[in-house]
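Input: a single structure, listed below in structure tokens.
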Amino acid sequence: MNALAQLGMVSEHPRDIQNSEAHSVEEERKDYFIERDGERFAGNHILVDFWDASNLDDPKRIDETLCEGAIAAGATILHSHFHHFTPNGGVSGVVVLAESHISIHTWPERNFAAVDVFMCGDCDPNLTIPVMQRLFQAGRVEVDAVRRGRVQGRAKTA
């Protein structure tokens, strides 16, 4: 954690799953793939573009907001790291989740942010959008969604 802190910002909500108590063998083998609409897939991946946005140059506020969004989506935060670029003030960073990740790249000089949210299991990445919109106050929000890791054939039924 200290090495990450020296490189930049570290989340206030880290979780060390490698040193947590042992889980049952069945829980460890669960793949957390999703079964929905007759499909089985690894997770939901949304790409969110915030246009005419503000507050794009503050890594601390962006870190807090993306972590809040992860929690709203039902995800488990492992750690985060953000970098502030100069002279333009853009921010690039990632919140690493047990369920995957949220990453962001901002261009304050263009009032634009590109956010990538990938989550598996019961998490809903769409619940991150209103949390981020509260900070960015974007005039236009564009969302593309993809189901990642689609398994060939039909999903198994219980």
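The values are calculated or read from the model by the stated rules, or taken from the named source; none is laboratory data. What you are looking at is a predicted structure, and each value in this text was computed from that prediction instead of being measured. Here the Cβ positions follow ideal geometry from the backbone for every residue, glycine too, while neighbour counts run over all protein chains shown.
Some notes on this structure:
- Total residues in the stretch 30-50, condition closer than 16 Å to Gln152 by Cα and β-branched (Val, Ile, Thr): 1
- Test: residue in the stretch 63-73 that is surrounded by fewer than 17 Cβ atoms within 10 Å (Cβ to Cβ) and assigned to a loop (DSSP other than H, G, I, E, B): no
- If you go through the stretch 59-71 and keep only what is farther than 10 Å from Met132 by Cβ and touching a helix residue (DSSP H, G or I) at 6+ places or on another chain (Cβ under 9 Å), you end up with Arg61, Glu64, Ala70, Ile71.
Residues are listed down the side, and each one gets a yes or a no for (1) in contact with a strand residue (DSSP E or B) (Cβ under 7 Å, 6 or more places away or on another chain); (2) modelled with pLDDT under 95:
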| position | (1), (2) |
| --- | --- |
| Ser103 | yes, no |
| Ala114 | yes, no |
| Met119 | yes, no |
| Val131 | no, no |
| Gly139 | yes, no |
| Val143 | yes, no |
| Gly149 | yes, yes |
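- Hits in the stretch 104-125 (condition: part of a loop (DSSP other than H, G, I, E, B) and without any contact (Cβ under 8 Å) to a residue 40 or more places away in the chain): none
- If you go through the stretch 77-92 and keep only what is of a type in the set (Gly, Ala, Ser), surrounded by fewer than 21 Cβ atoms within 10 Å (Cβ to Cβ) and part of a strand (DSSP E or B), you end up with just Ser92.
- Considering the conditions (1) without any contact (Cβ under 8 Å) to a residue 40 or more places away in the chain; (2) in contact with a Pro (Cβ under 9 Å, 6 or more places away or on another chain); (3) not in a loop (DSSP other than H, G, I, E, B), His101 is excluded by exactly one of them, (2).
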